[in-house]
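> Here it is: the structure, laid out below.
The values are calculated or read from the model by the stated rules, or taken from the named source; none is laboratory data. Please read all numbers here as calculations on a predicted model, not as lab measurements. Neighbour counts run over all protein chains shown; Cβ positions are idealised from the backbone, glycine included. What goes into the accessible areas is simple: the full protein's heavy atoms, side chains included, and nothing from ligands, DNA or RNA. Shrake-Rupley method; radii C 1.70, N 1.55, O 1.52, S 1.80 Å.
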Amino acid sequence: MNLPNVLTLFRVAMIPLFVGAFLTEGINDWITLSIFAVAAITDALDGYIARKQNIVTDFGKLMDPLADKLMVMAAFVCFTAVGILH
């Protein structure tokens, strides 16, 4: 498994952590934002590394965009759950 794919899996693993932090009272909003920011940075980093080293895998073609969409969808679901979005 190459580094871009590991970063993609790390981003997927951060989704429950983000949702848990978002929905748990008493956790500072900056912590939740930091979790989302780290996920966004890993997205940029895995894309940069994959392009720089010309690493293209079928797993990466599927999971990288899926991980992105799942992270954004998790944020929108959380916003809806707490009433920020309707």
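> For Val77, state whether it is out of contact with any Gly (no Cβ under 6 Å at 6 or more places or on another chain) and assigned to a loop (DSSP other than H, G, I, E, B).
Numbers: out of contact with any Gly (no Cβ under 6 Å at 6 or more places or on another chain): yes; assigned to a loop (DSSP other than H, G, I, E, B): no.
Judged against the criteria, Val77 is not a match.
> Does Phe36 meet the test of being part of a helix (DSSP H, G or I) and either hydroxyl-bearing (Ser, Thr, Tyr) or exposed (fewer than 15 other Cβ atoms within 10 Å of the Cβ) (or both)?
Values: part of a helix (DSSP H, G or I): yes; either hydroxyl-bearing (Ser, Thr, Tyr) or exposed (fewer than 15 other Cβ atoms within 10 Å of the Cβ) (or both): no.
In short, no.
> Which pairs do you get when a residue that is farther than 20 Å from Ala39 by Cα and at pLDDT 95 or above, found in the range 52-67, comes within reach of a residue that is among the polar types (S, T, N, Q) and open to solvent by 100 Å² or more (accessible area, probe 1.4 Å), reach meaning Cβ atoms under 6 angstrom, with the pair 6+ apart or on two chains?
Pairs found: none.
So that you can scan it fast, the table gives a plain yes or no per residue for (1) part of a helix (DSSP H, G or I); (2) surrounded by 12 or more Cβ atoms within 10 Å (Cβ to Cβ):
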{"residue": "Asp46", "(1), (2)": "yes, yes"}
{"residue": "Ile49", "(1), (2)": "yes, yes"}
{"residue": "Ile55", "(1), (2)": "no, yes"}
{"residue": "Lys61", "(1), (2)": "yes, no"}
{"residue": "Asp64", "(1), (2)": "yes, yes"}
{"residue": "Gly83", "(1), (2)": "no, no"}
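> Moving on to the next point. Return the total of residues in the range 20-33 being under 17 Å from Met73 (Cα atoms) and open to solvent by 40 Å² or more (accessible area, probe 1.4 Å).
Within the range 20-33, the first condition is being under 17 Å from Met73 (Cα atoms), and the residues that meet it are 20-23, 32-33.
Then drop every residue that is not open to solvent by 40 Å² or more (accessible area, probe 1.4 Å), which leaves 22-23, 33.
Of the residues in that region, 3 qualify.
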